[in-house]
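Beneath this line is the structure, given in structure tokens, with notes to follow.
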Amino acid sequence: MSNQKPIPGTNGDHYVPYKERSGKESIVYFTRDLSAEGLVKIYERIQEHVKGKVAIKLHTGEQHGPNIIPRPWVKQLVDEKLPEATIVETNTYYEGDRYTTDKHLETLKVNGWTFCPVDIMDADGTVDLPVKNGKWFDHMTMGKNIMNYDSMLVLTHFKGHTQGGFGGSNKNIGIGCADGRIGKAMIHTTPGSDDMWDIAKEEFMERMTESAKAVVDHFGDQIVFINVMRNMSVSCDCEGTAAAPVVTPNVGILYSLDILPIDQASVDLGYAMKEEDHHDLVERMETRHGLRQLTYMKELSMGNDKYKLIDIDHDDQEISLEDAVKDVKPFKD
């Protein structure tokens, strides 16, 4: 593992307030409508960028996982807007319900992902995608079936993450498109180490982000991002029924054409909540140095960390972060 010290200002336990950011602004659209209809409404804003054979990159979860994006929402989106689309996944690095293709297929059935095709992209092999200007990689090994798609909708359940601090769009494709044996090992494990999770904090965030960059560059302007801020445990959906209880209020659904602003806005909305509402999520992000995902995405030119938040519930008016979360209610299951 590298002993390189982080560049000043890039420590992943340090939140960079909006006023301290520089550069151009992107657009992030927002709705409070956490429902199938809200998801469809958000998707309609970006559907012109989704063409040809469409992959929906979705975390389908361990068996009976309680916090994943509700299946009926995704089914309605597919039925109404994406009838020819395929949900895509890869096998996991850890042993569990999705470790092998056979186990993964069974888990998909248990969790109800049976209303459209699901492609486990590394079931039949891998492909290397280039990483441009990477510190750690010049390529990342992905499930080879990623090459079969023209567009990708990155549909992400935004939440905390045991190692990444938070799991947004960056994690969804950075970890979720890397194949289960080679690519995920490149991100998580120092070669020859007995500890498969020994890469952590800034280095882990950078490796994951370089993997995500390979996917973003591969699809170019035909990749779009939706983050669903609902049931935000500090645990990832890969923990299934063992996930920590949800205590963070639900917020809404966001979309952007770029990966950095959608994850940045999701993090910012978390920080904009009251202390008692965001304490656990913020603590998880900072203690894992997860905020390095954001600064490294900016260094790799994966979008802007400044943006206008547009409220589609109120005639596309620009809205402040504080106003977007002022009416959130303490989470109740």
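Checking the condition touching a strand residue (DSSP E or B) at 6+ places or on another chain (Cβ under 7 Å), more than 27 Å from LYS41 (Cα to Cα) and at pLDDT 95 or above, which residue from THR209, THR156, THR141, THR189 passes?
Details: THR209 fails: touching a strand residue (DSSP E or B) at 6+ places or on another chain (Cβ under 7 Å); THR156 fails: more than 27 Å from LYS41 (Cα to Cα); THR189 fails: touching a strand residue (DSSP E or B) at 6+ places or on another chain (Cβ under 7 Å).
Every option except THR141 fails the conditions.
Is it the case that ILE87 is crowded, with 20+ Cβ neighbours inside 10 Å, on the phi < 0 side of the Ramachandran plot, part of a loop (DSSP other than H, G, I, E, B) and under 19 Å from the mean Cα position of the chain (by Cα)? Let's see the steps before the verdict.
Values: crowded, with 20+ Cβ neighbours inside 10 Å: yes; on the phi < 0 side of the Ramachandran plot: yes; part of a loop (DSSP other than H, G, I, E, B): no; under 19 Å from the mean Cα position of the chain (by Cα): yes.
Taking the combined requirement at face value, the residue does not satisfy it.
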Which of the numbered conditions does GLY176 fail, given that it passes all the others? Conditions: (1) surrounded by fewer than 19 Cβ atoms within 10 Å (Cβ to Cβ); (2) assigned to a loop (DSSP other than H, G, I, E, B); (3) touching a residue at least 60 places away in the same chain (Cβ under 8 Å). (1)
Taking interchain pairs and intrachain pairs at least six residues apart, which have beta carbon atoms under 7 angstrom, with the first residue in region 16-38 and under 19 Å from ILE310 (Cβ atoms) and the second in a helix (DSSP H, G or I) and of a type in the set (Lys, Arg)? THR31/LYS41; ASP33/LYS41
Could you go through region 282-296 and let me know if any residue there is crowded, with 18+ Cβ neighbours inside 10 Å, farther than 16 Å from ASN11 by Cβ and touching a helix residue (DSSP H, G or I) at 6+ places or on another chain (Cβ under 7 Å). no
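So which helices (runs of 4 or more DSSP H) stay within region 214-308 end to end and still have 1 or more residues that are farther than 13 Å from PHE158 by Cβ, in contact with a strand residue (DSSP E or B) (Cβ under 6 Å, 6 or more places away or on another chain) and in contact (Cβ under 8 Å) with a residue 24 or more places away in the chain? Full working, then the answer.
Details: elements: 259-272, 275-287, 292-299.
Once the helices (runs of 4 or more DSSP H) in region 214-308 are filtered for at least 1 residues that are farther than 13 Å from PHE158 by Cβ, in contact with a strand residue (DSSP E or B) (Cβ under 6 Å, 6 or more places away or on another chain) and in contact (Cβ under 8 Å) with a residue 24 or more places away in the chain, what remains is 259-272.
Looking for something part of a loop (DSSP other than H, G, I, E, B), over 25 Å from LEU294 (Cβ atoms) and of a type outside the set (Lys, Arg) - is there at least one such residue anywhere in region 142-152? So that I can check it myself, show each step before the final result.
Filtering region 142-152 for residues part of a loop (DSSP other than H, G, I, E, B) gives 149-150.
If we keep only those that are over 25 Å from LEU294 (Cβ atoms) too, we end up with 149-150.
This time we only want the ones that are of a type outside the set (Lys, Arg), so: 149-150.
Yes; the residues of region 142-152 include at least one that is part of a loop (DSSP other than H, G, I, E, B), over 25 Å from LEU294 (Cβ atoms) and of a type outside the set (Lys, Arg).
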Those residues of region 45-66 which are closer than 15 Å to LEU108 by Cα and surrounded by 21 or more Cβ atoms within 10 Å (Cβ to Cβ) amount to ILE56, LYS57, LEU58, HIS59, THR60, GLY61, GLU62, GLY65
Since ASP315 meets every condition but one in (1) touching a residue at least 24 places away in the same chain (Cβ under 8 Å); (2) farther than 16 Å from VAL228 by Cβ, which condition does it not meet? (1)
Name the residues in region 179-206 that are closer than 18 Å to GLY290 by Cβ and touching a Gly at 6+ places or on another chain (Cβ under 9 Å), would you? ILE187, LYS201, GLU202, PHE204, MET205, GLU206
Could you grab the pairs with beta carbons closer than 6 Å, sequence gap of 6+ or different chains, first residue in region 143-160 and closer than 30 Å to ASN250 by Cα, second one aromatic (Phe, Trp, Tyr)? MET152/PHE219; VAL154/PHE225; GLY160/PHE166
If you check ASP79 against the conditions, is it touching a residue at least 40 places away in the same chain (Cβ under 8 Å), surrounded by fewer than 21 Cβ atoms within 10 Å (Cβ to Cβ) and not in a loop (DSSP other than H, G, I, E, B)? no
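The values are calculated or read from the model by the stated rules, or taken from the named source; none is laboratory data. This one's a predicted model, so the numbers in the text were calculated from it and none came from an experiment. A quick note on method: Cβ atoms are made from the backbone with ideal geometry, for glycine too, and the neighbour counts reach across all protein chains shown.
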